[in-house]
Amino acid sequence: MNTESIAMLAEQWKSICAGYSTTDLNDTFQFIQAHSLVLVDEFYKNIMREKEASYFLSDNLVQNRLKATLNQWLVDCFNVPFQQNFEEMSKKQLVVGTVHARIGIPSWLIMRGVREIENKVFHLQSFKVQKNSFVIINYIIQVLGFASEIMCRSYEVNVEKSNDIKHTYRLFSAMQDVAVQKDKQRGSLLDWENELMFKVFSDKVDFKHPLLSKSEFGLWFIHKAAYAFTGSEQVDVIIERIYEIDQLNENVLACVEKDKTIQLIQHIREKNREIQHLVDQIFQVAEYIDSGNDSLTQLLNRRYLNTIISREINFSRKNDVPLSLLAIDADYFKRINDKYGHAGGDLALQFIGEVLLESVRGSDYAFRVGGEEFLLLLVDRDLTRAQEIAENIRKRVQETSIRTATGNNFNFTVSIGCALYDGHPDYQRFLDAVDSALYAAKNNGRNNVYVGK
């Protein structure tokens, strides 16, 4: 929202306050200060009863973080006429609305909580013998309503923008590198099946075999293809078959009768063939679109970063699986450009892109987010595995010489920050955590991996 619009909102807030006497404003502020904690408790007590709230709000999050934040918000809103910081507070409401949109909290849930605060205000004022009780109630409702209105302005804009990006990302990811993914994932599915058959018929005892949903193919389909082809009738069927095969796989591992095992294997093969057929149908409608790629490295660019991380966070929260993020930055990159020219710098960046792609599974996401900085989103990977991947990337870059077109060779290094998703619904917190880890890696002398706390 531009400066002119913020100034307009500030004037409206100022106009609301101007309708009340200094005594009314002061009495209201004292009332809010005296009862803010009670009002905050009322807000969360009631919205936590809503089924939708449990996805965004945990008791731990509310008690340790959000109650204090809401309490400060209440006090600040009614301190405005004394501080005369109408523009500053208008901007803060816009930021709150943006955060709510980013997390995906429904606006009605916030309004539900505000309604409970207003109801509690009526209740508390009913015990007071105060000539201006009605005026205080009216002022509180005016301010809470206006602050919520400002939040809704930025909320709607950001939700609409996010939905547009999600839609274009679905189109992009559905059509990205179709031929390569089709052959690669078909091969991955067959490899999983053949490995299972080999273990069964080699008469190994108490052998292990991963679930199809945790295999290269399963992770790719669940985390990428299913979203890319949202709305396709084949998607739900494929996911259903994947989990049916998981159950059959478990039955195979537990089975001691040879004939029964062979029968189970046959069922798995039949379902796999059905999956292959359905995947072929999906890919028949796809073509390549490069609008979401970085032209130099062919990694994803920033355009869909927030959409992808937000979606993977939702998956992680819903299914209780780990999610890790690496931030990779080329050390002293300006020196490379200065000594070997931008062509040399481009070779270094392209090499980082190649290393990242070689280090990930089909379900992971590699981004070039700008300049010499990259991000690697590792789905279903805990911090130990993420750290191992980061260290392998660091070593590979350090040990490889880059040869320029003029015959010069040079080596360079990267610093890597590593962060594990902590369960907070706001993806910006996840991005900030890995940025802090990268900053620490740089401060620790570069050419190292730093794991964020």
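No value in this document is a laboratory result; all are computed from the given coordinates. Every value quoted in this text rests on a predicted model; they were computed, and no experiment measured them. When we count neighbours, we look across all protein chains shown, and the Cβ atoms used for this are built from the backbone with ideal geometry, even at glycine.
Tabulated results
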{"item": "Spacing of the two label points (7 Å from each Cα toward its C-beta) at K260 and Q83, in nm", "result": "7.0"}
{"item": "Label point distance in nm, F127-Y332, each placed 7 Å from Cα along Cα→Cβ", "result": "6.9"}
{"item": "Between segment 320-372 and segment 227-249, the Cα center-to-center distance that results, in Å", "result": "33"}
{"item": "Greater than 24 Å apart at Cα, pairs in K184/K214; K214/K318; K199/K395; K260/K318", "result": "K199/K395; K260/K318"}
{"item": "Global form of segment 213-355, assessed from the alpha-carbon gyration tensor, a/c cut-off 1.5", "result": "prolate"}
{"item": "Whichever aspartates and glutamates have a C-alpha closer than 15 Å to that of K224, once near sequence neighbours (fewer than 8 apart) are set aside", "result": "D177, E216, D236, E312, D364, D380"}
{"item": "Residue-count net charge about F86 - beta-carbon cut-off 15 Å; Lys, Arg +1, Asp, Glu -1", "result": "-3"}
{"item": "Charged-residue dipole, Cβ positions (Lys, Arg, Asp, Glu), the chain about Cα centre, Debye nearest 20", "result": "640"}
{"item": "Extension reserve of the E244-F201 stretch, reckoned as 0.36 nm per residue once the Cα distance is removed", "result": "13.3 nm"}
{"item": "Proximal lysines to K334, defined as alpha-carbon separation beneath 19 angstrom and excluding residues fewer than eight positions away on the same chain", "result": "K442"}
{"item": "0 to 90° range, to nearest 10: angle between helix 178-201 axis and the chain longest Cα axis", "result": "70"}
{"item": "Neighbour-count order for R65, R311, fewest beta carbons within 10 angstrom listed first", "result": "R65, R311"}
{"item": "Sequence-distant lysines (8 or more away, or on other chains) whose Cα lies within less than 30 Å of K131", "result": "K14, K120"}
{"item": "Cα shape, segment 3-170, gyration tensor, a/c 1.5 rule", "result": "oblate"}
{"item": "Angle in degrees between helix 22-47 and the longest Cα principal axis of the chain, rounded to the nearest 10", "result": "40"}
{"item": "Helix 86-103 vs. the chain, principal-axis angle (Cα, 0 to 90°, nearest 10)", "result": "30"}
{"item": "Stretchable slack from N408 to A34, in nm (0.36 nm times residue separation minus alpha-carbon distance)", "result": "127.4 nm"}
{"item": "Taking S126, S5 and counting other C-beta atoms within 10 Å, the order from fewest to most", "result": "S126, S5"}
{"item": "12 Å cut-off, amide nitrogen to a point 7 angstrom out along R186 Cα→Cβ, residues in segment 206-242", "result": "none"}
{"item": "Extreme residue, positive dipole direction of the chain, given options I389, L438, Q33 (C-beta unit charges)", "result": "Q33"}
{"item": "Between segment 179-202 and segment 434-451, the Cα center-to-center distance that results, in Å", "result": "38"}
{"item": "Relative contact order, percent, segment 3-170 [alpha-carbon distance under 8 Å, six or more residues apart]", "result": "36"}
{"item": "Segment 302-451: projected area of the alpha-carbon convex hull, averaged over directions, in nm²", "result": "8.5"}
